[in-house]
Every structure is written in structure tokens, then in C-alpha cells.
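Quick note: the coordinates plus some simple rules give every number you see, no bench work behind them. Predicted, not measured: the structure shown is a model, and the values here were computed from it. Because the Cβ atoms are built from the backbone with ideal geometry, glycine has one as well, and the counts that use them run over all protein chains shown.
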Amino acid sequence: MPRHAFRYSREFLQELRSEISSAFLGVEPHRFGQESQYTSAILGRLHGIEVISWYGEYARIEGTDIDDRGRGSAEHRYGADFVITATVGDSTKKVRKAILVQVKNQPIDTLSASSASDLKEQITRMKAVVSSPKVAGIRRDEESAMLEMSSGNKVLSDMEYSKSDFPEYFNQRVITTLDGTTDETIIEALQDSHLKKLDVLVKRG
């Protein structure tokens, strides 16, 4: 996977983390008890976040809420609940990346054996689209909730994996461009919740 050596100021990273954290703090978890409800609410607040510094440092977030209605839904076909598309860069270069994510309504390490098995099947379907899919568990308390991001590949392989709160994950793995596909054709196909364009790409092989 290509790496891009962007360097960001502490002020830029702090502002970006603050914007993303505010999106989560603005969603009261008791209003969105189901995983799909919470995911939609969070994506609605994350979509369109844009941070630009005087030095040209740049980050923009776009969210795609994958259709989950029925056995023929896009989620059923590809195993993902949502896509985060991030455009990041500095004064000389910008890179657009897309991250495919499956979400569970509890921390990933608390899933039952059957739910964990289902998750592995979903990760396998995501891997037909991207090489490094992500999984997220929703950690809740009485006043707040947070997406904890983990490597789908490590979960699939029964390897030890870490969990990172979404704002920290975004700063450490996304804007540094360590995570996400740069395939422009795939990225564009992931911008529609029904993923019809992706169907054509996958059939072509």
C-alpha cells in the first residue's frame, strides 16, 4: 500500500480531533439504541467535516451509509455498514482514501461465539473489495458512546488486535494514509449506499 509522508502541526491535529470528538458528543446514545440507528446518526455528523490550516494542511470526511434492507442489500453482499472517505494532504499534495467498516452494537471482544463467527464472514466479504477492512464496536455508557476501531484482518485471523477510539484512529491511521484504499474506481463506487457500481466492478473481477 502506498505511503505518503504528510507532516501535520500539533494545532492541526488538535483541531481535527476536536471536530471529530464533537460529532460523537453530539449524539445522545439513548436516542439511537440500535447499531444501524447510531451509525446513521454518527455518519450524518461526520460527513462534511473539513479542517484547513494556514499552512495548507487539509482533511475532509465523507460518509456513506450502506443500505442494509433485506438479504439482497449492499450490506449483505459486501459485509460493510459504512464507508469513510477521507481527503487528506498538505500544501503540495492531496490523497483520497476510502475505509470499509462493519459495526457491532457492543465492543468487539464481548461478542458471542456465533456473533464473532458472523463478523468473520462479513470481514471476508469486505475483503473482496478492499485489502484491509475495519471493524468497530460501539462502547456505551449513560451519557456517551464511541466507535472503537480495530483491524478486520487481525480479527479474521484470530490475532491480537488493538482498539482505538475513532478520533484517535482517524489521526493516527487515516490522515497519515496508513489505512484505506487509494483505488479511484473503487472509491467512486463506494460513494453510493446501494453499491450498484461496485457490483459491476466485482463481477469484472
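Stretched out fully, how many nm does the piece from Lys120 to Ser18 gain, at 0.36 nm a residue minus the Cα gap?
33.5 nm
Within the chain, which is the longest segment that contains none of the trypsin sites (Lys or Arg not before Pro) sitting in a DSSP loop with at most 12 other Cβ atoms within 10 Å?
Segment 94-205 is the longest.
Kindly provide the chymotrypsin sites (Phe, Trp or Tyr not before Pro) of segment 9-115 that DSSP labels as loop, not H, G, I, E or B, and whose Cβ sees at most 11 other Cβ atoms within 10 Å.
Loop-located and lightly packed - Trp54.
Cα to Cα, under 26 Å, and not fewer than 8 places away if on the same chain: which lysines meet these conditions relative to Lys203?
Lys97, Lys120, Lys127, Lys134
Taking 30 Å as R0, compute the FRET efficiency from the Cβ-Cβ separation of Val202 and Arg10 and round it to 0.05.
It comes out at approximately 0.10.
Hey, can you grab everything whose amide H is under 5 Å from the amide H of Ile49? Only 5+ residues off in sequence or another chain; H modelled, so Pro and N-termini drop out.
Amide H neighbours of Ile49: Ile61.
Is there a quick way to get the dipole size of segment 10-204? I mean about its Cα centre, with the Cβ of Lys and Arg at +1 and of Asp and Glu at -1; what is the value in debye to the nearest 20?
With only Lys, Arg, Asp and Glu charged at Cβ, the dipole is about 680 debye.
With Rg and Dmax of the Cα atoms in Å defined as stated, name the option among [x] 18.5, 71; [y] 17.7, 55; [z] 16.4, 50 computed from the structure displayed.
Computing Rg and Dmax of the Cα atoms in Å and matching it to [x] 18.5, 71; [y] 17.7, 55; [z] 16.4, 50 gives [z].
Counting only GluC sites (Glu not before Pro) that are in a DSSP loop and have at most 10 other C-beta atoms within 10 Å, tell me the longest site-free stretch of the chain.
Counting only loop sites that pass the neighbour cut-off, the longest clear stretch is 1-141.
Search the structure for amide H atoms under 5 Å from the amide H of Gln106, placed 1.01 Å from N in the peptide plane, and list their residues when 5 or more places away or on another chain.
Ile138
Using Cβ contacts closer than 10 Å as the measure, can you line up Ile186, Ile175 from fewest to most?
Placing the least packed residue first, the sequence is Ile186, Ile175.
Taking the Cα-to-Cβ direction at Arg71 and at Ser144 and moving 7 Å from each Cα, how far apart do the two end points lie in nm?
So the label points at Arg71 and Ser144 sit 4.2 nm apart.
Tell me which of Gly48, Gly33, Met159 sits at the most positive position along the dipole axis of segment 10-204, charges placed on C-beta atoms (Lys, Arg +1; Asp, Glu -1).
Farthest towards the positive pole: Met159.
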